[in-house]
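The values are calculated or read from the model by the stated rules, or taken from the named source; none is laboratory data. Note that this is a predicted model, so its numbers are computed, not measured. Cβ placement follows ideal geometry from the backbone for every residue including glycine, while neighbour counts extend to all protein chains displayed. Just the protein is used for accessible areas: all its heavy atoms, side chains included, with ligands, DNA and RNA removed. Shrake-Rupley method; radii C 1.70, N 1.55, O 1.52, S 1.80 Å.
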Amino acid sequence: MSTTVEFAKMNGLGNKILVVDMRGRADKVTSAAAVALNAHPDTAFDQIMAIHDPRAQGTDAWIDILNCDGSKAQACGNGTRCVVQALAAETGKKVFTFQTVAGILNAVEHDDGTISVDMGKPVFDWDKIPLAEEFHDTSRIELQIGPIDSPVLHSPSTMSMGNPHAVFWVDRDVMSFDLARFGPLLENHPMFPERANITLAQVTSPVSITTRTWERGAGLTLACGSAACATAVSAARTGRTGRKVDIHVASAKPPGVLSIEWRERDDHVIMTGPAEWEWSGTVDPATGSWSRDQAQGAEAR
Ligand SMILES: N[C@H](CCC[C@H](N)C(=O)O)C(=O)O
């Protein structure tokens with residue numbers, strides 16, 4: 001087995017993704033490799049999407065997802081779009097079925113280059129999100145930070161989109177909050193035994209919401225696809241919007257939109273948005289030592 005594999009540096013609305021090709025191998029991208037890759041500015045990332053050989057009939061690949069702190073994630077919407085674009089470019093196929101620890105994901109690349117991913121059904125049970133305490137209604141749980149009589153953030157909607165999310169509804173610009181300060185406190189709050197992705201959401205019309213996310217295991221990122229899904233579902237669930245909304249990701253560079261539909265007929269959440277290839281190289285999945293492909297300017301680490 002060769003010590004190196006191919007990888008691509010990509011992004012989904014600025015969410016930094018490394019797509020690593022582990023097909024034909026039995027080993028995995030290690031946590032140590034993830035941490036080492038994240039330590040260099042060129043390969044610093046939010047998630048690694050490791051493409052493995054399929055494990056179930058009718059699927060195209062098994063996908064392992066790692067956060068930049070080396071922890072595992074069960075879902076990554078932006079990363080899934082990047083995987084689709086990479087495999088579509090390689091194979092000419094347009095329709096894919098992936099398997100992750102959270103289940104099956106169907107995805108399609110459209111003629112305009114945008115990609116839709118069926119992120120599956122949202123989960124609202126308190127013990128499956130999971131929350132530490134029993135809540136009958138997880139769409140508005142008791143949790144607040146800041147002064148007790150005038151909290152800065154309170155009463156989030158919580159759910160799992162494969163991974164745990166808490167969405168705090170705010171009525172002013174999401175960029176005006178000190179999310180770098182509150183994010184780590186909320187991600188690691190005892191209410192969330194498996195930690196949580198933390199999103200600030202401002203509803204701007206019945207069909208649009210502006211968001212900003214502190215990601216579990218990755219911190220402040222430019223965009224988070226599963227959080228956009230969680231926000232859209234939570235907004236519809238609490239009567240703030242309809243089931244089809246545009247999520248304007250305030251921190252995305254350049255600013256961008258994810259269109260989310262929480263489908264009535266089968267309860268599935270469909271996310272549509274772009275993906276972008278930046279450059280390719282090779283990496284040792286055990287250590288994270290990497291080099292950029294020659295044609296794009298030689299560089300090695
Ligand atoms: N960036 C990802 C989410 C990563 C989730 C991860 N931070 C976790 O749940 O641990 C997305 O586009 O959905």
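In table form, for the structure just shown:
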item: Segment 144-265 - share of DSSP beta bridges that are antiparallel (%, nearest 5); result: 70 percent
item: Phe135 long-range amide H proximity, modeled H, under 5 Å; result: Trp126
item: 3J(HN,Hα) from dihedral phi, segment 195-202, Karplus parametrisation 6.51/-1.76/1.60, rounded to Hz, x for glycine, proline; result: 6, 7, 7, 10, 10, 9, 9, 10
item: Sparse-neighbour loop sites [GluC sites (Glu not before Pro); segment 208-301; at most 11 other C-beta within 10 Å; DSSP]; result: Glu264
item: Protection proxy ranking of 122-128, 281-287, 195-201, 91-97 - average other beta-carbon atoms within 10 Å, highest first; result: 195-201, 281-287, 122-128, 91-97
item: Dipole of segment 8-50, positive end: most advanced residue of Met22, Ala36, Ile48 [Cβ charges, Cα centre]; result: Met22
item: Under 15 Å from Lys128, Cα to Cα: aspartates and glutamates that are on another chain or at least 8 residues apart; result: Asp137, Glu194
item: Interatomic Cα distance distribution for the chain, bins of 20 angstrom, percent; result: 36, 56, 8, 0
item: Dipole magnitude of segment 144-265 about its Cα centre (Cβ charges: Lys, Arg +1; Asp, Glu -1), debye to nearest 20; result: 300 debye
item: Summed residue charge, Cβ within 15 Å of Gly92's Cβ, Lys/Arg positive, Asp/Glu negative; result: -2
item: Gain in span if fully extended, Ser2 to Gln74, counting 0.36 nm per residue against the direct Cα distance; result: 23.2 nm
item: Shape category assigned to segment 144-265 from the gyration tensor of Cα positions, a/c cut at 1.5; result: rounded
item: Accessible area of segment 144-265 divided out per residue, in Å², using a probe of 1.4 angstrom; result: 40 Å²
item: Eligible aspartates and glutamates near Lys28 by straight Cα distance, threshold 12 Å, same-chain separation 8 or greater; result: Asp53, Asp64, Asp284
item: Among beta bridges that DSSP assigns inside the chain, antiparallel share in %, nearest 5; result: 80 percent
item: Computed magnitude of the charge dipole of segment 44-143 (debye, nearest 20; Cβ of K, R +1, Cβ of D, E -1); result: 300 debye
item: Between segment 209-265 and segment 75-115, the Cα center-to-center distance that results, in Å; result: 19 Å
item: Lysines with Cα under 26 Å of Lys121, excluding same-chain neighbours fewer than 8 positions away; result: Lys16, Lys72, Lys93, Lys94, Lys244
item: Those GluC sites (Glu not before Pro) in segment 136-199 that DSSP places in a loop and that have at most 12 other beta carbons within 10 Å; result: Glu142
item: Positive-pole candidate from Ser116, Gly79, Ser139, dipole of the chain, charges at beta carbon; result: Ser116
item: Sparse-neighbour loop sites [trypsin sites (Lys or Arg not before Pro); segment 1-78; at most 11 other C-beta within 10 Å; DSSP]; result: Arg55
item: Point-to-point label distance, Thr204-Ser150, nm (Cα→Cβ direction, 7 Å offset); result: 2.7 nm
item: Charge dipole magnitude, Cβ of K and R +1, D and E -1 - the chain, Cα centre, debye nearest 20; result: 120 debye
